[in-house]
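Laboratory data are not the source of any read-out in this text; all were calculated from the coordinates shown. From a predicted model like this one, the values you see are computed outputs, not experimental measurements. All Cβ positions, glycine included, derive from the backbone under ideal geometry; neighbour counts span all protein chains shown.
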Amino acid sequence: MADDEIIFLGTGGARVVIATQLRATGGLLFYLSGRLILVDPGPGSLIRFLQYAKPYRINKLDVLILTHRHIDHTSDVNVIIDALTEGGKKRKGILFAPKDAVEDDPVVLKYHQRALKEMIKIKAGLEYRIDALSIRFPIEHLHGVETYGVVFATPNYSIGYITDTKYFPELASTYRNDILIINVLRPEPMDYPHLYLPDAEKVIKKTKPSLAVITHFGMVMLRKNPFRIAKELSEKTKVRVIAAKDGMRIRPSDYLDG
Ligand SMILES: [Zn+2]
């Protein structure tokens, strides 16, 4: 079995970056304990998969996760399911999604819902095991639509993904993981329910992961240079922080203590 890894199929978020593709918006790909998992297939996810994820193959995807229904997290979900299931002919794949992404006004077409091997509606606290790998949705986020972060745990380590959310104190008590991936859309607070730079700093300081990765950058973050922002965050938090880049691959074993 190949080593576990995380591949960033996109590191952009929000209106302007989606429209200009200054950063890709294809979501996150995880290969953990022999399972291939795609999280939040936004605009261009299939193309970015083909571009960045070699040697993985889209028809070998085991799990698809939508953390919430916003377009930068879901727009490619149907084309991905189509590729996975050979146009709906083979029932394959497990999809995890909030109820509001698959019921009224579903972002996953009913035809494609039926092509899946299994569709599981996420609820806070839900845990699903595939052999040694645990996939857990510990807490509901505050983001205007039904939204859940996700924690992957293998026998050796865990990865937390704090997807879009407004700051709330339970974030820091929930995501106590070896590797923490955090969506940081903008440096300064605005009216949107998102995590901003000072919130990310607070969460990293409290959770003390071995590695924190910031991603899902909006235009203002890009102008301010995420690389420099990550360096400053490292200095302030004493935690190793890196800014994700499109196509970046991380091997968790390179960052774990001991
Ligand atoms: Zn969102």
Neighbourhood net charge (9 Å Cβ-Cβ; Lys/Arg +1, Asp/Glu -1) for ALA24: +1
Computed over the stretch 1-77, Kirkwood Rh from alpha-carbon pairs, angstrom: 12.3 Å
The stretch 83-217 - Rg and Dmax from Cα coordinates, angstrom: 16.3, 48
Three-way shape label, the stretch 35-101, alpha-carbon gyration tensor, a/c 1.5: oblate
All Cα pairs of the stretch 16-143, percent lying beyond 26 Å: 16 percent
Entries in LYS99/LYS205; LYS123/LYS205; LYS202/LYS238; LYS99/LYS245; LYS60/LYS123 that, when Cα-Cα distance is taken, lie over 21 Å: LYS99/LYS205; LYS123/LYS205; LYS99/LYS245; LYS60/LYS123
Loop-located trypsin sites (Lys or Arg not before Pro) in the stretch 1-71, at most 14 other Cβ atoms within 10 Å (DSSP): ARG57
Around GLU146: net Lys/Arg minus Asp/Glu count, Cβ-Cβ under 9 Å: 0
Calculated from backbone phi, Karplus (6.51, -1.76, 1.60) coupling profile of the stretch 219-231 in Hz, x at Gly/Pro: 4, 5, 4, 5, 5, 7, 6, x, 4, 5, 4, 5, 5
Charge context of LYS224, other residues only, Cβ under 13 angstrom, K/R +1, D/E -1: +2
Whole-Å distance, taken between Cα centres, linking the stretch 120-187 and the stretch 1-70: 17 Å
For the chain: relative contact order, % (alpha-carbon pairs under 8 angstrom, 6 or more apart): 17 percent
Residue order, fewest to most beta carbons within 10 Å, for GLU232, GLU188: GLU188, GLU232
Set LYS54/LYS231; LYS90/LYS117; LYS89/LYS117 screened for pairs whose C-alpha atoms are more than 18 Å apart: LYS54/LYS231
Estimated Rh, the stretch 164-223: Kirkwood, alpha-carbon pairs, angstrom: 11.6 Å
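How big, in percent, is the set of alpha carbon pairs in the chain lying more than 33 Å apart?
11 percent
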